[in-house]
Amino acid sequence: MSFTVKETSRFIRHMRTLPERLLISKEQAKEAVNEILDAIEILREKGTLPPECHYSLHRLEHEPWAGFMEFHALDDVLVVYADLTNKNVIRLIGIYNHELLSSGQLD
């Protein structure tokens, strides 16, 4: 079974502005993008990121993120997505670091 992965405009904007948004080097941003693209392929195929993958996938518990899923592309590069696997859909919401995520700000 394959899953549809949809990217929000926010996610696309975050992908383009990783170094500036997350205060990381261009090399780190390139590595993060490669990890994110690899993870997207796994999500498309399996609908989840298996534990043997190194993404530290988990469900978020605190508002405004409660119920969303999050995985680590790098230690402090976090991808948030909506798990709609009951509809075979995964919606990529945004890319954050721990500070931005804990602030609760969407952008």
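Here, each number is a calculation from the coordinates, and none is a lab measurement. Worth saying up front: this structure is predicted, and the values here are computed from it rather than measured. Cβ placement follows ideal geometry from the backbone for every residue including glycine, while neighbour counts extend to all protein chains displayed.
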Item checked: lysines with Cα under 22 Å of residue 46, excluding same-chain neighbours fewer than 8 positions away -> 6, 87
Notebook entry, point to check: Put +1 on the Cβ of every Lys and Arg and -1 on every Asp and Glu Cβ in the chain; which of 101, 57, 82 then has its Cα farthest towards the positive end of the dipole?
Noted result: 82
Next item on the list: Any chance you could give the angle, 0 to 90 degrees and rounded to 10, that helix 26-46 forms with the longest Cα principal axis of the chain?
Entry: 10
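Tell me, what is the FRET efficiency for residue 66 and residue 27 to the nearest 0.05, using R0 = 35 angstrom and their Cβ-Cβ distance as r? Intermediate values should be presented prior to the final figure.
Working: r = 34 Å, r/R0 = 0.97.
About 0.55, to the nearest 0.05.
Do any trypsin sites (Lys or Arg not before Pro) in region 1-106 lie in a loop, going by DSSP, with at most 14 other beta-carbon atoms within 10 Å of their beta carbon, and if so which? Mind showing how you got there, number by number?
Values: sites: 6, 10, 13, 16, 21, 26, 30, 44, 46, 59, 87, 91; in loops: none.
Listed in order of number, the matching sites amount to none.
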Next item on the list: Quick one: divide the alpha-carbon radius of gyration of region 4-101 by 2.2 N^0.38 Å and tell me what you get.
Entry: 1.00
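What ranking of 31, 45 emerges when the number of other C-beta atoms within 10 Å of each C-beta is taken as an exposure proxy, fewest first?
Values: 31 15, 45 11.
If I rank by nearby Cβ atoms, fewest first, I get 45, 31.
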Next item on the list: Return 1, 15 ranked ascending by Cβ neighbour count within 10 Å, so the fewest neighbours appear first.
Entry: 1, 15
Checklist line | Extension gain, residue 87 back to residue 40 (0.36 nm per residue minus Cα-Cα distance, nm) | finding: 15.2 nm
